[in-house]
Each structure stands twice: as C-alpha cells, then as structure tokens.
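Below you'll find the structure, written out as structure tokens, and then a few comments.
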Amino acid sequence: MYKISDIVDKLNSGAKLTLEEYELLINERNEELATTLAALADRKRREVYGEDVYIRGLIEISNYCVNDCLYCGIRRSNKNVDRYRLMPEEILLCCKQGYELGFRTFVMQGGEDPYYTDEILTKLISDIKSSYPDCAVTLSLGERSKESYMRLYDAGADRYLLRHETASKEHYCKLHPNTMSFDNRMNCLKELREIGYQIGCGFMVSSPYQTSKELSKELKFIEEFKPDMCGIGPFVAHKDTPFKDEPSGGCDLTCYLLSILRLIHPKMLIPATTALGTIDPQGREKGLKAGANVVMPNLSPVGVRKKYELYDNKICTGEEASECIECLRKRVEKAGYKIVTDRGDVRK
Ligand code: SAH
C-alpha cells in the first residue's frame with residue numbers, strides 16, 4: 001500500500017517519483033497536504049533563491065496569429081479581436097521605460113505573426129542588447145525554424161519561452177487544430193536547448209480534457225526535461241473560443257502543482273502567472289508562497305493591453321507599467337519576499 005507521507009518524503013528528498021506516485025499525489029490533494037507541500041517548497045526556494053523574486057518585463061508585441069489554438073483568445077478565427085502589432089521603435093520605448101523601472105529582462109511575446117521576419121527581429125534584438133547590455137532578452141514567439149532560432153540567438157537573444165501546453169500527444173490534438181503538431185512543438189524545444197537558449201516550457205492547469213493522468217505526465221515531463229523555467233497557469237475560458245463554456249482552472253490546484261514543481265527541481269525558475277492572478281485576486285501571492293519565484297509584469301503600452309486577451313478578464317490591462325510594478329512590489333513584500341533588480345538567471 002502506498003502511503004502518501006512516504007511519497008511526500010520521497011519527493012522532498014529529491015528522488016524521482018513514478019507516474020503512479022505523481023498521480024496519487026494529485027488525487028489525494030487536500031488542504032493539509034497542500035499546506036505541507038507549500039511549506040516544503042517554500043523552504044527549498046529560500047535555500048536556493050532566498051526571498052528574491054525576479055521580475056520580467058512582458059512586452060506583448062502582436063496579437064496577430066496564424067494559429068488557431070482552441071483555447072486562445074487571439075486565435076486566427078476570432079474575428080472579434082482588434083489586431084495590432086508594435087513597431088520596433090515602440091518596443092524599444094517599452095524597454096527604455098522598463099529599464100528605468102528596474103527591469104533587467106525583457107520578454108517579447110506575441111501570436112505567431114509572420115510580420116516579424118528574422119531580419120526585423122535580429123535588428124531589434126541587437127538594438128536592445130546594445131542599448132541595454134546588462135539585460136537579458138527573452139523571446140516567446142512560438143514555433144519557428146531552427147535556422148531562425150539560431151539567427152535570433154546569434155543576434156543576442158538569451159532565452160526562449162515556449163510552453164509545450166501538454167505532454168500528451170493525444171491531449172494536444174484535442175486542444176489544437178490538426179494543422180498543428182505536438183511533435184513539432186516538442187522538437188522546437190529540443191532545438192532551442194541545443195542552440196544554447198535558456199528555455200522555458202509549461203502547461204495550462206485544468207485545460208479541457210485534462211485529468212490527473214495528464215497532469216502526472218506533465219510532472220514526469222518536467223522532471224525529465226529539466227527546463228530552466230516552467231510556467232504554469234490555470235486555463236481560463238475566453239468568450240470567443242470553442243472552449244468558452246469550459247470551466248477554468250483553480251488557484252488551489254495550480255498552487256499545489258507549483259509546490260510539486262519546486263520540489264522536483266528546486267532551482268527551476270517558476271513564475272506566479274498573470275492567469276493565476278486573474279482567477280484569484282491573491283493568486284500571485286499564493287503562487288509565490290507555494291514555491292514560485294518569478295513575476296512578469298506587463299510593459300506593453302496601455303493602449304494595446306486589452307487587445308492581447310488570451311482569456312477573459314485578464315488583470316493589469318489598465319495601469320501604466322510604473323503603477324503595475326509598484327502595486328506588485330507591495331504585494332510581493334506583503335507575501336514575505338522582495339523584488340530584485342537582476343537579470344535573474346537560473347542557478348545552476
Ligand atoms: N504564440 C506564443 C505565445 C503564446 S501566449 C507561443 O505559441 O508560445 C502564452 C501562453 O498563454 C500560451 O502558451 C498558453 O499556455 C497560455 N494561454 C493561451 N490561452 C490561454 C487561456 N485561455 N487560458 C490560460 N492560458 C492561456
């Protein structure tokens with residue numbers, strides 16, 4: 001017979017769990033167990049990162065997308081989206097503002113928008129790197145060719161975020177149209193790592209058709225793949241998508257998984273995501289207390305924020321970047337941590 005406390009001890013000691021043990025851990029979740037795991041995870045994160053919380057300035061460069069992911073508000077088929085794309089000069093202005101506010105990492109995220117050719121991006125990346133040599137440039141622009149990833153890396157990009165979305169091919173096919181490929185996405189992650197990027201992957205919590213079986217596979221995948229960063233957030237329905245009536249993921253389950261992730265890889269960078277802050281007003285604080293150590297405030301121009309709506313009711317779409325970071329700084333301090341001005345590279 002499995003004893004759940006043995007599984008917790010095993011996880012906390014750094015040993016690998018079996019798929020069955022991960023699944024059991026998920027199925028046996030209750031308040032007491034969540035509190036125990038959060039305390040263990042918080043201890044581990046403090047051992048590695050102290051009280052530090054790293055900030056990443058998120059610049060949402062475009063909401064044009066060639067893809068049609070069933071869960072995503074900016075999917076190609078959504079005709080109600082007011083599409084925009086930021087020009088390189090506008091992006092550079094966001095970086096300038098961000099730098100003054102203490103950001104040392106800029107994350108450029110967007111839909112898969114063919115406007116951003118390698119030529120445009122390499123110029124933009126090298127402009128950012130020459131203006132702010134002490135900053136890290138992170139890209140989150142979806143699937144591109146290996147050649148393209150190489151060119152962007154050579155231009156100075158340091159990191160790439162590409163959530164795998166789900167570690168199960170079958171599940172992937174239920175969340176994406178058949179024009180999209182699980183194998184290709186996984187292969188992109190492999191290539192990004194080979195090139196030398198620090199990589200982030202991740203998945204949504206409680207996306208449609210996800211059961212504890214899928215979740216146990218997610219944990220196994222992260223354990224084996226060992227990304228530098230793992231971003232997870234609850235699935236949140238968007239009104240103009242096929243999944244509009246699907247229930248959103250919960251804060252408690254997300255935090256529980258954050259704790260398990262911290263225990264699987266104590267050094268991993270783990271963000272408390274905007275989606276988590278969207279489903280619960282204290283979501284990001286709860287995420288930090290459960291083991292997360294990164295937050296990604298929005299640096300996009302206020303005029304476009306509402307338009308980059310991946311899911312309904314996304315928070316922080318009205319404030320200026322300076323207000324956002326101040327609000328977050330207070331929240332982080334209240335939770336018992338502190339925001340640092342640092343590139344925030346992963347500890348090796
Ligand atoms: N085009 C880029 C960026 C995608 S947006 C790429 O392909 O990587 C960043 C992430 O938001 C996605 O990877 C997805 O995990 C998450 N996301 C999209 N729609 C969501 C929804 N409805 N609820 C919660 N998260 C969502």
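Only the coordinates and a few stated rules stand behind these numbers; no lab work does. Every value quoted in this text rests on a predicted model; they were computed, and no experiment measured them. Virtual Cβ from ideal backbone geometry, glycine too; neighbours counted across all protein chains shown.
What fraction, in whole percent, of alpha-carbon pairs in the chain exceed 27 Å separation? Please report the intermediate quantities before stating the final value.
Working: 25471 of 60378 pairs.
Result: 42 percent of Cα pairs exceed 27 Å.
Listing 108, 296, 186 from fewest to most neighbouring C-beta atoms within 10 Å gives 186, 296, 108. With helices as the sole contributors, the chain gives -13500 deg cm²/dmol at 222 nm; each DSSP H run of n ≥ 4 counts as -39500 (n - 2.57), and the sum is divided by every residue.
The distance separating the Cα centre of the stretch 62-139 from that of the stretch 268-311 comes to 17 Å.
Axis of helix 31-49 versus longest Cα principal axis of the chain: the two differ by about 50°, to the nearest ten degrees. Couplings 3J(HN,Hα) for the stretch 275-289, derived from phi with the Karplus relation 6.51 cos²θ - 1.76 cosθ + 1.60 (θ = phi - 60°), are 4, 5, x, 7, 7, 8, x, 9, x, 5, 4, 4, x, 4, 5 Hz, where x marks Gly and Pro.
Please arrange 264, 315 by how many other C-beta atoms lie within 10 Å of their C-beta, fewest to most. Could the numbers behind the result be given before it?
Details: 264 22, 315 17.
Least crowded to most crowded, the residues run 315, 264.
Averaging Cα coordinates gives a centre for the stretch 178-245 and one for the stretch 320-345; these two points are 26 Å apart. Using Cα atoms only, what is the angle between the long axis of helix 251-264 and the major principal axis of the chain, expressed in degrees (0 to 90) to the nearest 10? Its long axis makes an angle of about 80 degrees.
Each Lys and Arg Cβ is given +1 and each Asp and Glu Cβ -1; about its Cα centre, the stretch 195-310 then shows a dipole of about 240 debye.
Taking only the alpha carbons of the stretch 274-320, we obtain Rg and Dmax values of 11.3, 33 Å in that order. Shape of the stretch 1-95 from its Cα gyration tensor (a ≥ b ≥ c, root eigenvalues): rounded if a/c is under 1.5, otherwise prolate when a/b > b/c, or oblate? Oblate. For the chain, the longest principal axis of the alpha carbon atoms and the long axis of helix 88-100 meet at an angle near 60°. Across q = 0.21, 0.24 Å⁻¹, the stretch 237-348 modelled as identical point scatterers on its alpha-carbon atoms has Debye log10 I(q)/I(0) values of -1.24, -1.38, in the order of the q list. Would you mind checking 217/348; 174/348; 213/307 for any pair whose Cα atoms are more than 27 angstrom apart? Too far apart for the 27 Å limit: 174/348; 213/307.
Descending by average beta-carbon neighbour count within 10 Å, the peptides 134-144, 285-295, 334-344 line up as 285-295, 134-144, 334-344, the highest first.
Toward the positive end of the charge dipole of the stretch 147-266, with +1 on the Cβ of Lys and Arg and -1 on the Cβ of Asp and Glu, the farthest Cα among 160, 198, 227 is that of 227.
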